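The values are calculated or read from the model by the stated rules, or taken from the named source; none is laboratory data. These numbers were taken from a predicted model, which means no experiment stands behind them. Cβ sites come from the backbone with ideal geometry, for glycine too, and all protein chains shown count toward neighbours.
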Ligand code: IPM
Ligand code: MN
């Protein structure tokens, strides 16, 4: 019999609530012969307050022994901004070399969008996950004075750019429309921008069947709102990817349904799947959070591990559930999870 050995990091705020529903749906969808084993890790604000620790080497070793990681959300107002994010979430992405941060955006039938009409939105952003301005490469001098100077260096390596660009081309080639857009800002960020553009053009020559375009990130925010249907696959750097995927979520059903995968395609380390949303402390513990983004992240997790049929069953269940929401009264976090679990089982 097969097994799925899952590390679970509920994290802070609504993370606990949404992960519980993600696991509920996962258990319901898995075939009988797949044995699900989960191990929970209490990373986040509670651990930080009680031990002063963020992610340790021992934690990384313990996590490494799993097939994949399911994460809820990390971040809490009781801890200064950035400490938990850098100490847990980014540390994990870097330590496990999650260089492909996969963020699909699909506007499902019946789902509200702030955009006019019901545009066809079905694209996936391949956000670089281990470089750019996220490396923590910078510093400050004369701190706290009116002469303070702070730098935040964006690190881009030929190796790092090429591997994520190649991943994006392969994904574009596997999709019906076979389109790939590079989003950057090479009119201003000339060093990093030219590296990205050069690598992109060089790899493009190996994929003559993929239609490519280049777009500055500011222009991309316009097109994401006025012509989202033009996008199929997007590849971009870590920070631009962070920003445009929030925008992408906003136009394609909201942050409540945006899923993501932090993927290490080599399989050397477990990949990690999480909703794009944060810990939402303002609604934590009230059963108000929509677990759909986490459930869709579970689908990405299953697809990554080769359980394609189960991934599709979850996506179809979510699609049906969302399609029937209009006009109905709001359900609690666990009611939505229950409904999805019933659908994937039946
Ligand atoms: C995300 C989040 C993180 C990021 C934060 C919490 C560090 O916004 O996953 O998009 O910037 O990557
Ligand atoms: Mn973000």
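Quick rundown of the values:
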{"item": "So residue 149, is it surrounded by fewer than 12 Cβ atoms within 10 Å (Cβ to Cβ) and either over 30 Å from residue 61 (Cα atoms) or not assigned by TED's automatic domain parsing to the domain that holds residue 66 (or both)", "result": "yes"}
{"item": "Residue match in segment 243-253 (condition: out of contact with any strand residue (DSSP E or B) (no Cβ under 9 Å at 6 or more places or on another chain) and more than 16 Å from ligand 2 (Cβ to nearest atom))", "result": "no"}
{"item": "Those residues of segment 254-282 which are on the phi > 0 side of the Ramachandran plot and either in contact with a strand residue (DSSP E or B) (Cβ under 9 Å, 6 or more places away or on another chain) or within 15 Å of ligand 2 (Cβ to nearest atom) (or both), in sequence order", "result": "254, 280"}
{"item": "Long-range neighbours under 6 Å by Cβ, at least six apart or interchain, first residue at positive phi within segment 165-185, second in a loop (DSSP other than H, G, I, E, B)", "result": "178/209; 178/210"}
{"item": "Some residue of segment 51-70 being surrounded by fewer than 18 Cβ atoms within 10 Å (Cβ to Cβ) and under 15 Å from residue 298 (Cα atoms)", "result": "yes"}
{"item": "Set 123, 159: member being more than 16 Å from ligand 1 (Cβ to nearest atom), within 24 Å of residue 200 (Cβ to Cβ) and under 20 Å from the mean Cα position of the chain (by Cα)", "result": "123"}
{"item": "Of all residues making up segment 309-346, the number that are out of contact with any helix residue (DSSP H, G or I) (no Cβ under 7 Å at 6 or more places or on another chain), at pLDDT 95 or above and over 20 Å from residue 287 (Cα atoms)", "result": "4"}
{"item": "Entirely in segment 162-247, the strands (runs of 3 or more DSSP E) that have 3 or more residues that are farther than 18 Å from residue 100 by Cβ and more than 22 Å from the chain's Cα centre (by Cα)", "result": "211-216"}
